[in-house]
1. Filter the range 109-145 down to residues that are over 14 Å from Phe14 (Cα atoms) and charged (D, E, K, R) and give me whichever is nearest to the chain's Cα centre (by Cα).
2. Could you pull out the residue among Arg116, Arg103 that is among the charged types (D, E, K, R), over 16 Å from Tyr19 (Cβ atoms) and at pLDDT 95 or above?
3. Quick check: anything in the range 39-56 assigned to a helix (DSSP H, G or I), farther than 20 Å from Ile129 by Cα and more than 14 Å from the chain's Cα centre (by Cα)?
4. Output yes when any residue across the range 96-111 is among the aromatic types (Phe, Trp, Tyr), in a helix (DSSP H, G or I) and touching a residue at least 40 places away in the same chain (Cβ under 8 Å), and no when none is.
5. Report yes if some residue within the range 119-130 is hydrophobic (A, V, I, L, M, F, W, C), within 18 Å of Phe47 (Cβ to Cβ), modelled with pLDDT under 95 and in a helix (DSSP H, G or I); otherwise report no.
6. Among the residues of the range 75-85, is any in contact with a strand residue (DSSP E or B) (Cβ under 7 Å, 6 or more places away or on another chain), without any contact (Cβ under 8 Å) to a residue 12 or more places away in the chain and surrounded by fewer than 19 Cβ atoms within 10 Å (Cβ to Cβ)?
7. What are the residues in the range 97-119 that are surrounded by 13 or more Cβ atoms within 10 Å (Cβ to Cβ), out of contact with any strand residue (DSSP E or B) (no Cβ under 7 Å at 6 or more places or on another chain) and not aromatic (Phe, Trp, Tyr), if any?
8. Confirm whether Thr76 is part of a helix (DSSP H, G or I) and more than 17 Å from the chain's Cα centre (by Cα).
Amino acid sequence: MKKIGFFGIVLGIFAGEHYIKEKIEKGVKLKRLPGILVTRYHNYGAFRNLGHKRPLLIKLVSVLLTVILSIVYIMTLGRAGKNLLKIGLSLLLGGAFSNTYDRLKRGYVVDYIRFRVKWRFLRDMIFNISDFFIIIGALLSGISA
């Protein structure tokens, strides 16, 4: 895969997630899927609203980690091979850009996906698509190392 393809993954995740979040913010109903509940939630912190009382710190950490990841990403794209790592970092960075953008632009991250499961811990968690790309990207990056 060429460098432009990896950048396309990042841009596609960011643009697609931005589009969905705008629809969620406007209250547009999205197609329902079995076992999934779509609910708008403003997350002022990080995972499970951790740090919501320190929004400036959360923003700074988010920007810092995104910048560091961007540097690693650019350095990795310059190396031959390592396509699984490049894909993983592309997924991770697309999700990171989306959530960091939300924190800087809105002051919170728009989350909207809940799972209808019997386990309360998982049922109480709320995600956005960027979160899944971050998790998958981190796993692929770790596997490829």
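The values are calculated or read from the model by the stated rules, or taken from the named source; none is laboratory data. What you see is a predicted model; the values in this text were computed from it and never measured. When we count neighbours, we look across all protein chains shown, and the Cβ atoms used for this are built from the backbone with ideal geometry, even at glycine.
1. In this case the residue turns out to be Asp111.
2. Every option except Arg103 fails the conditions.
3. Yes, some residue in the range 39-56 is assigned to a helix (DSSP H, G or I), farther than 20 Å from Ile129 by Cα and more than 14 Å from the chain's Cα centre (by Cα).
4. Taking every residue of the range 96-111 in turn, at least one turns out to be among the aromatic types (Phe, Trp, Tyr), in a helix (DSSP H, G or I) and touching a residue at least 40 places away in the same chain (Cβ under 8 Å).
5. Yes.
6. Taking the range 75-85 and keeping what is in contact with a strand residue (DSSP E or B) (Cβ under 7 Å, 6 or more places away or on another chain), we get none.
Checking the range 75-85: not a single residue is in contact with a strand residue (DSSP E or B) (Cβ under 7 Å, 6 or more places away or on another chain), without any contact (Cβ under 8 Å) to a residue 12 or more places away in the chain and surrounded by fewer than 19 Cβ atoms within 10 Å (Cβ to Cβ).
7. Of everything in the range 97-119, those that are surrounded by 13 or more Cβ atoms within 10 Å (Cβ to Cβ), out of contact with any strand residue (DSSP E or B) (no Cβ under 7 Å at 6 or more places or on another chain) and not aromatic (Phe, Trp, Tyr) turn out to be Ser98, Thr100, Arg106.
8. Details: part of a helix (DSSP H, G or I): yes; more than 17 Å from the chain's Cα centre (by Cα): yes.
Yes: the conditions hold for Thr76.
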